[in-house]
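Below is one structure, written out as structure tokens; comments come after it.
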């Protein structure tokens, strides 16, 4: 049996990997900005140290994707200036709603990213084992962030279901846009 043939409209493997790196770079950039916004509001709160710890991990993820963007010469998304503002605004807004709302934001973002990273892991071949393993490791850390948010009262945030649904929808939209632009 011969190998499956590409169909019209299929994204070539190299372009697919570039899209993955571009969108993951944008996502980690957005996460850093969300935590910056939360810390601007919650800097003296009981949860500030927890938020700082998660932010530090996101900085490491961003540094790794910065390196991949440079090494593989991947064009970053043109949306970075918008994500710069939107991420910070989302973080500051959820921080202003309280510590539980900030944790609900973390849960929503990390659940959206979990599904996104899982799809990437499944799509990457053994030719991209290094990238696949890096994404899998980051996914594990993102799931720990989700669990941290849940452990710190995210579900007790006012309007939790509405808030997380809106944030997840925004994340999914940002993923689609960042892959392409």
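How many of the residues making up the range 83-122 are surrounded by fewer than 20 Cβ atoms within 10 Å (Cβ to Cβ), within 13 Å of residue 164 (Cβ to Cβ) and more than 16 Å from the chain's Cα centre (by Cα)?
1
Any residue in the range 132-155 that is outside any helix (DSSP H, G or I), touching a helix residue (DSSP H, G or I) at 6+ places or on another chain (Cβ under 8 Å) and under 17 Å from residue 91 (Cα atoms)? Before you say what the answer is, go through the steps one by one.
Taking the range 132-155 and keeping what is outside any helix (DSSP H, G or I), we get 152-153.
Those left that are additionally touching a helix residue (DSSP H, G or I) at 6+ places or on another chain (Cβ under 8 Å): 152-153.
Filter once more, keeping what is under 17 Å from residue 91 (Cα atoms): 152-153.
Yes, that holds for at least one residue.
Please go through the range 156-181 and give me each residue that is in a helix (DSSP H, G or I), out of contact with any helix residue (DSSP H, G or I) (no Cβ under 7 Å at 6 or more places or on another chain) and farther than 24 Å from residue 14 by Cα, ordered by number.
Of all residues in the range 156-181, those in a helix (DSSP H, G or I) come to 156, 160-180.
If we keep only those that are out of contact with any helix residue (DSSP H, G or I) (no Cβ under 7 Å at 6 or more places or on another chain) as well, we get 161-162, 165-166, 169-170, 173, 176-177, 180.
Result: 161, 162, 165, 166, 169, 170.
Give me the helices (runs of 4 or more DSSP H) completely within the range 12-108, filtered to those with at least 3 residues that are out of contact with any helix residue (DSSP H, G or I) (no Cβ under 8 Å at 6 or more places or on another chain) and closer than 30 Å to residue 124 by Cβ, ordered by residue number. Working first, answer last.
Numbers: elements: 13-42, 48-71, 80-96.
Because the criterion is at least 3 residues that are out of contact with any helix residue (DSSP H, G or I) (no Cβ under 8 Å at 6 or more places or on another chain) and closer than 30 Å to residue 124 by Cβ, the helices (runs of 4 or more DSSP H) in the range 12-108 that meet it are 13-42, 48-71.
Identify, from the list 17, 11, 32, the residue that is within 16 Å of residue 138 (Cβ to Cβ) and modelled with pLDDT under 95. First the steps, then the outcome.
Working: 11 fails: within 16 Å of residue 138 (Cβ to Cβ); 32 fails: modelled with pLDDT under 95.
Just one listed residue meets the conditions, 17.
For residue 128, indicate whether it is touching a helix residue (DSSP H, G or I) at 6+ places or on another chain (Cβ under 9 Å), assigned to a helix (DSSP H, G or I) and modelled with pLDDT under 95. Talk me through it step by step, then tell me what you get.
Working: touching a helix residue (DSSP H, G or I) at 6+ places or on another chain (Cβ under 9 Å): yes; assigned to a helix (DSSP H, G or I): yes; modelled with pLDDT under 95: yes.
Yes.
Condition check: free of Cβ contacts under 8 Å to residues at least 24 places away in the same chain and under 14 Å from the mean Cα position of the chain (by Cα). Does residue 26 satisfy that? I'd like the intermediate steps shown before the answer.
On the way: free of Cβ contacts under 8 Å to residues at least 24 places away in the same chain: no; under 14 Å from the mean Cα position of the chain (by Cα): yes.
In short, no.
I'm trying to understand the selection: among the residues of the range 53-67, which are buried (at least 19 other Cβ atoms within 10 Å of the Cβ) and either within 10 Å of residue 21 (Cα to Cα) or touching a strand residue (DSSP E or B) at 6+ places or on another chain (Cβ under 6 Å) (or both)?
Within the range 53-67, 65 is the sole residue that qualifies.
Within the range 32-46, which residues are in contact (Cβ under 8 Å) with a residue 12 or more places away in the chain, over 18 Å from the mean Cα position of the chain (by Cα) and surrounded by fewer than 22 Cβ atoms within 10 Å (Cβ to Cβ)? Show your work before the answer.
Taking the range 32-46 and keeping what is in contact (Cβ under 8 Å) with a residue 12 or more places away in the chain, we get 32-42, 45-46.
Then drop every residue that is not over 18 Å from the mean Cα position of the chain (by Cα), which leaves 40-42, 45-46.
Of everything in the range 32-46, those that are in contact (Cβ under 8 Å) with a residue 12 or more places away in the chain, over 18 Å from the mean Cα position of the chain (by Cα) and surrounded by fewer than 22 Cβ atoms within 10 Å (Cβ to Cβ) turn out to be 40, 41, 45, 46.
The values are calculated or read from the model by the stated rules, or taken from the named source; none is laboratory data. Quick caveat, the model's predicted, so the values are computed rather than measured. So basically every Cβ, Gly included, is an ideal-geometry build from the backbone, and we count neighbours across all protein chains shown.
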